[in-house]
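Just below is one structure, and these are the notes that go with it.
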Amino acid sequence: MGNGERGRYFLLTGQKISAHEALALGVVNEVLPRDRVLPRAWELAEEIARRPTLAIRYARVAMTQTLKRMMLDYLGYGLALEGLAAGQHWPAPPR
């Protein structure tokens, strides 16, 4: 099962996975004890901050461009589908 199918499977079934399963599937890069999360986040932030400013800025632009385009292209459609699905759960107003 490819990553796309795997993602759809978890989205549609609502199945929960453990942190270690997420790591094995490549969904996350690291699994840490709770008390190490914030120190590790600071380590990563400091490492990134040492890189050239323009390289960081343009890498972020490159990584988010596709997501922004998808949001723009699919937001209206997604909201319409969400509204239709929500209508299945709310009773119709009395006549």
Fill in the blank from the handout: Quick note, the range 35-95: a/c under 1.5 would make it rounded; otherwise a/b > b/c is prolate and the rest oblate (a ≥ b ≥ c, C-alpha gyration tensor); here it is oblate
Handout entry: Rounded to the nearest 10 Å², the accessible area of Met63 at probe 1.4 Å
Key = 130
Problem - the chain - charge dipole about Cα centre, Lys and Arg +1 at Cβ, Asp and Glu -1, debye rounded to 20 - result: 200
Exercise for the section: Would you mind working out the accessible area per residue for the chain, using a 1.4 Å probe, and quoting it in Å²? Expected result: 94
Fill in the blank from the handout: Long-range amide H partners of Val28, meaning residues 5 or more apart or on another chain whose placed amide H is closer than 5 Å, are Leu23
Handout entry: Separation in nanometres of the label points that stand 7 Å from Cα toward Cβ, at Gln65 and Gln15
Key = 3.6
Practice task
Tally up the carbon and sulfur contribution to the accessible surface of the chain as a whole percent, 1.4 Å probe, everything protein left in place.
Solution key: 63
Exercise for the section: Could you tell me which of rounded, prolate or oblate describes the range 1-66, using a ≥ b ≥ c as the square roots of the eigenvalues of the alpha-carbon gyration tensor, with rounded for a/c under 1.5 and, failing that, prolate when a/b is larger than b/c and oblate otherwise? Expected result: oblate
Handout entry: Estimated FRET transfer efficiency when R0 is 41 angstrom, pair Arg57-Trp90 (beta carbons, to 0.05)
Key = 0.35
Fill in the blank from the handout: Reported to the nearest 10 Å², Thr13 has, with a 1.4 Å probe, an accessible area equal to 80
Completion exercise
In degrees rounded to 10, the 0-90 angle between helix 53-87 Cα long axis and the longest Cα principal axis of the chain is 10
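The values are calculated or read from the model by the stated rules, or taken from the named source; none is laboratory data. The structure presented is a predicted model; accordingly, all values stated were derived computationally and were not measured. So basically every Cβ, Gly included, is an ideal-geometry build from the backbone, and we count neighbours across all protein chains shown. The accessibility values were calculated without ligands, DNA or RNA, using every heavy atom of the protein model including side chains. Shrake-Rupley method; radii C 1.70, N 1.55, O 1.52, S 1.80 Å.
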